[in-house]
Amino acid sequence: MPLTQITHYHRPDQLDEAWRLVRDGDGAARLLGGGTDLVVRCPPEATALVDLAEVGLRYVEPAGDGGLRIGAMSTFTDLLEHPEVAAYGAGAVGEMLAQVGSVLHRNSATIGGHVVRSRLSDVLPVLLALDASVVVYTGEQATWSIAEYLDADLGPHVVVEVRLPPPVAGSAAAFVRFSRTEFDHALVNACCRVDLDQGVVAGARVVIGESVTVGRRVPAAEDELTGGPLTPQTVAATARVAREAVSLHDDWIASADYRNHLAGVAVERCLTTVTDRLQKGGS
Ligand SMILES: Cc1cc2nc3c(=O)[nH]c(=O)nc-3n(C[C@H](O)[C@H](O)[C@H](O)COP(=O)(O)OP(=O)(O)OC[C@H]3O[C@@H](n4cnc5c(N)ncnc54)[C@H](O)[C@@H]3O)c2cc1C
């Protein structure tokens, strides 16, 4: 759909004004982040853009609890160049961001626009594995865990912030993606996080995504890992469980069998990197 359908452009400097423009626009008014999705796929009913550039949502700040508050208008480049964000999860966030799209794309795409998108994502598996949360505005602010946010049907809302919780001592994460080319969407991606307490896995996240889904935790694989040591044997067993537990999709690019196989490989590689990162001290 060409952007020539857009007849109104708003650039409010207050969050509440942006929200009211969208609420009152009755589907015809769309929030504009970096525009990378809107330019490619502008919904036919959209005739007005509400640009969030002046609302003051481009920041990374420490949260009171020791975590990080990431303003929705922060671009992926902002985040990749922010030392604390890039190093978060023992480097998993930077590792993932460096693989999202191209440099030009990362210069425009915002984290707020991305979480709304809720599909074809390398970012969401990492946010799920790190227990991130999302702050939304609908006349008042509310905070949702990223998992709740992705499952909710919120209707019109402004994403204000993504929050990363305080880093856990003895914790590390890693991200792996497989795609046909560097620039292509992932056939399969995975992010795993392990919280180690005195040599025992006290908490684990195993999240697998693919091109058409958001990324989902794999509870059977998390259970397999939790309560024991992190060794090459437990890593291999967890990867096996993950591969058997997921049911990925089949299309002209890759078969479901191949994607399921890749899921196991991705989990094994993530957990091997996590092991290495924990040996170096983790988060
Ligand atoms: C060529 C290309 C390559 C890509 N490669 C990858 C990749 O390798 N890995 C990956 O994970 N992703 C990839 N993506 C997806 C990309 O990351 C998203 O397109 C991007 O993050 C969307 O952010 P944006 O700021 O451009 O959103 P916009 O296009 O501005 O908006 C997207 C949607 O979100 C809404 N919106 C925007 N900001 C807000 C807000 N703050 N609150 C509420 N609603 C809002 C808009 O109204 C719109 O509906 C790719 C996309 C393209 C086009």
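Where a number appears in this text, it was derived from the coordinates with a stated rule and is not lab data. Fair warning: this is a prediction, and the values are worked out from it, not measured in the lab. As a convention, Cβ positions derive from the backbone with ideal geometry for all residues, glycine included, and neighbour counts pool all protein chains shown.
For Asp223 paired with Ala63, estimate the spin-label separation in nm (one decimal), with each label point 7 Å from Cα along the Cα-to-Cβ line.
My value for the distance between the label points is 2.9 nm.
Would you compute, from DSSP H runs of 4+ residues alone, the mean residue ellipticity of the chain at 222 nm, taking -39500 (n - 2.57) per run and dividing by the full residue count, rounded to the nearest 500?
-10000 deg cm²/dmol
Among Phe175, Phe76, Phe183, which comes first, second and so on when ranked by fewest other beta-carbon atoms within 10 Å?
Fewest to most other Cβ atoms nearby, the residues stand as Phe183, Phe76, Phe175.
Using the count of nearby Cβ atoms within 10 Å as a rough guide to exposure, how do Arg243, Arg23 rank from fewest to most?
Arg23, Arg243
Can you run phi through the Karplus equation (6.51, -1.76, 1.60; θ = phi - 60°) for region 141-154 and list ³J(HN,Hα) in whole Hz, with x for Gly and Pro?
Along region 141-154, the couplings run 8, 9, 10, 10, 5, 4, 5, 5, 4, 5, 8, 7, 10, 7 Hz.
May I ask for the distance between the Cα centers of region 180-231 and region 255-279, given as a whole number of Å?
8
Apply the Karplus curve 6.51 cos²θ - 1.76 cosθ + 1.60, θ = phi - 60°, to the phi angles in region 133-138 and return the couplings in whole Hz, x for Gly and Pro.
Along region 133-138, the couplings run 9, 10, 9, 10, 10, 9 Hz.
Pull the list of the chain cysteines that no other Cys approaches to under 4.7 Å, Cβ to Cβ.
If one checks each Cβ against the other cysteines of the chain, Cys42, Cys191 turn up with nothing under 4.7 Å.
Which order, highest average first, do 141-151, 227-237, 268-278 follow once you tally other Cβ atoms within 10 Å for each residue and take the mean per peptide?
Descending packing order for the listed peptides: 268-278, 141-151, 227-237.
Could you order peptides 54-60, 4-10 by the average number of other Cβ atoms within 10 Å of their residues, highest first?
In decreasing order of mean packing, 54-60, 4-10 become 54-60, 4-10.
Run the numbers on the chain and let me know its relative contact order in percent, using alpha-carbon pairs under 8 Å that are six or more apart.
16
Sort Glu95, Glu17 so the one with the fewest other Cβ atoms within 10 Å of its own Cβ comes first.
With the sparsest Cβ surroundings first, the list reads Glu17, Glu95.
Once you put a point 7 Å from the Cα of Leu104 and another 7 Å from the Cα of Arg23, both along the Cβ direction, what distance in nm separates them?
Here the answer is 3.9 nm between the modelled labels.
How high is the relative contact order of region 60-164, in percent, with contacts defined as C-alpha pairs under 8 Å that are six or more residues apart?
Dividing the mean separation by the residue count of region 60-164 yields 29 percent.
Would you kindly derive the ³J(HN,Hα) couplings of region 158-170 from the backbone phi angles with the Karplus curve 6.51 cos²θ - 1.76 cosθ + 1.60 (θ = phi - 60°), listing them in order in whole Hz, with x for Gly and Pro?
Running phi through 6.51 cos²θ - 1.76 cosθ + 1.60 with θ = phi - 60° gives 10, 6, 9, 8, 10, 10, 9, x, x, x, 8, 5, x Hz.
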